[in-house]
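What follows draws every value from the coordinates through simple rules; no lab data is involved. Keep in mind it's a predicted model, so treat the numbers as computed, not measured. As a convention, Cβ positions derive from the backbone with ideal geometry for all residues, glycine included, and neighbour counts pool all protein chains shown.
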């Protein structure tokens with residue numbers, strides 16, 4: 001195993017254990033760094049230079065993305081963020097390499113908020129006709145998502161014994177961060193109606 005491979009593994013373990021990053025984030029960082037090392041043929045930390053990063057950025061910028069377009073600037077930045085984080089790790093260990101502040105991210109346009117109107121929201125919430133268990137479930141899901149702002153993955157991870165008698169509950173989200181979300185009366189009622197109709201729930 002080469003020196004860079006060893007350092008990469010140690011860095012990924014550091015992200016997972018000491019920084020508390022999710023396994024998905026660690027997997028992505030591994031992919032980004034591996035691509036940089038394979039392209040740049042880096043053998044030692046000191047081989048990471050302004051020139052090697054510039055050439056990699058130029059190569060990234062010419063890679064095809066979806067539908068024949070080049071790789072988006074935002075996606076290119078993911079690679080640079082991973083590399084900068086790796087360089088910060090090397091600096092913490094006092095390993096000679098390129099200073100992390102030398103990595104500048106590409107400028108990307110601000111993301112616009114794609115908001116829906118009140119009328120569109122009401123049509124969405126009223127789409128389930130509540131005539132059967134499936135539509136009651138769908139209504140409960142929509143009300144819960146709208147009320148709490150949960151991600152779909154967070155909603156799917158909610159425990160079966162979630163206490164909806166209160167107006168709030170804690171959820172562990174992205175980056176293992178815990179936050180409090182709030183239940184509206186409509187969401188609580190939709191959930192109760194759905195659960196009361198289920199016949200497979202434990203007493």
Label-point separation in nm, residue 192 to residue 81, each point 7 Å along Cα→Cβ: 4.1 nm
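Could you tell me which of rounded, prolate or oblate describes region 118-197, using a ≥ b ≥ c as the square roots of the eigenvalues of the alpha-carbon gyration tensor, with rounded for a/c under 1.5 and, failing that, prolate when a/b is larger than b/c and oblate otherwise? Can you show the working numbers first?
Values: a/c = 1.89, a/b = 1.47, b/c = 1.28.
Verdict is prolate for region 118-197.
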Could you work out the relative contact order of region 149-203, using alpha carbon pairs under 8 angstrom and six or more residues apart, expressed as a whole percent? 25 percent
Would you mind getting me the FRET efficiency between residue 115 and residue 172? Use the beta-carbon distance for r and R0 = 41 Å, nearest 0.05. 0.90
Rough spin-label spacing in nm, given labels placed 7 Å along Cα→Cβ, for residue 61 and residue 38: 2.3 nm
Dividing the mean separation of Cα pairs under 8 Å (6+ apart) by the residue count of the chain yields a relative contact order in percent of 16 percent
Starting from the Cα-Cα distance between residue 52 and residue 182, subtract it from 0.36 nm times their residue separation and give me the gain in nm to one decimal. 41.9 nm
Dividing the helical contributions, -39500 (n - 2.57) per DSSP H run of n ≥ 4, by the residues of the chain yields a 222 nm value, nearest 500 deg cm²/dmol, of -17000 deg cm²/dmol
Shape category assigned to region 3-102 from the gyration tensor of Cα positions, a/c cut at 1.5: oblate
Measure off 7 Å from each Cα along the Cα-to-Cβ vector at residue 5 and residue 74, then give the distance between these two points in nanometres to one decimal. 3.5 nm
With R₀ set to 41 angstrom, the calculated FRET efficiency between the beta-carbons of residue 101 and residue 155, to the nearest 0.05, is 0.55
For region 137-173 and region 78-99, what is the centre-to-centre distance using only Cα atoms, to the nearest Å? 38 Å
